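The values are calculated or read from the model by the stated rules, or taken from the named source; none is laboratory data. The structure presented is a predicted model; accordingly, all values stated were derived computationally and were not measured. Please note: Cβ atoms are built from the backbone with ideal geometry, for glycine as well, and neighbour counts cover all protein chains shown. Note: areas computed on protein heavy atoms with side chains; ligands, DNA, RNA excluded. Shrake-Rupley method; radii C 1.70, N 1.55, O 1.52, S 1.80 Å.
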Amino acid sequence: RHPLATFFHLFFRVSAIITYLFCDWFSNSFVACFVTILLLLSFDFWSVKNVTGRLLVGLRWWNQIDEDGKSHWVFEAKRVTASTEAEARIFWLGLIICPVIWTVFFFSTLFSLKLKWL
C-alpha cells in the first residue's frame, strides 16, 4: 500500500550504516563522514516520526494538558490488518535491527581502539 514510505523507512537507516562502513575508503575527512551519517540519521528520525510511522503502523502521539495543568503524552497505534502486515513487519524489524547493528559497531570499534569512530 505504501511502497515509497517503506523504501524511505529503510533507505535512510541502511544508507547511514553503509556510509559508516565505507566512508573511510572514499574520504579521509572524519568530519564529512560524521556529518553525512548524522544527516542521514536525522532524516530517518524525521521520516519515522512524521511519515512512515503514521503510514505503516499508524503511530500518533501528542501532548495533552488536563484541567490541573498536568501534561500527558498520548500514544496511539492502529491495529495491523492482513493488508498492512508486511509493511508493519518491515517497519518494526527496521526499527529494531538497525540499533542492534549500531551496538555491534560500537563494541567492535571500542575493542579495536578506533575511538574517534565511537
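On the range 1-47, 78 percent of the accessible area sits on carbon and sulfur atoms, based on a 1.4 Å probe. Computed with a 1.4 Å probe over protein heavy atoms only, the accessible surface of the chain comes to 72 Å² per residue. Annotation: cysteines of the chain without a disulfide-compatible partner (Cβ-Cβ under 4.7 angstrom) are Cys98. In the chain, helical runs assigned H by DSSP with n ≥ 4 each contribute -39500 (n - 2.57); averaged across all residues and rounded to the nearest 500, the mean residue ellipticity at 222 nm is -21500 deg cm²/dmol. Note on mean projected area of the Cα convex hull in nm²: of the candidates (i) 10.0; (ii) 6.4; (iii) 7.8, the value calculated from this structure sits at (i). Please return the longest stretch of the chain lacking exposed loop sites, where trypsin sites (Lys or Arg not before Pro) count only if DSSP places them in a loop and at most 15 other Cβ atoms lie within 10 Å. Between the exposed loop sites, the longest stretch runs 2-69. Ligands, DNA and RNA excluded, the heavy atoms of His9 present near 0 Å² of accessible surface to a 1.4 Å solvent probe.
Shown for the range 8-56 is the translational diffusion coefficient from the Stokes-Einstein equation, using the Kirkwood radius over Cα pairs, a temperature of 10 °C and a viscosity of 1.306 mPa s: 142 µm²/s. Just checking the listed ones, Val104, Val48, Val57: in the Gaussian network model of the chain with Cα springs under 10 Å, the one fluctuating most is Val104.
Considering only Asn28, Leu55, Trp73, the residue lying farthest towards the positive end of the dipole of the chain is Asn28, judged by Cα position with unit charges set on Cβ. Subtracting the Cα-Cα distance of Asp24 and Arg1 from their residue separation scaled by 0.36 nm leaves 4.5 nm.
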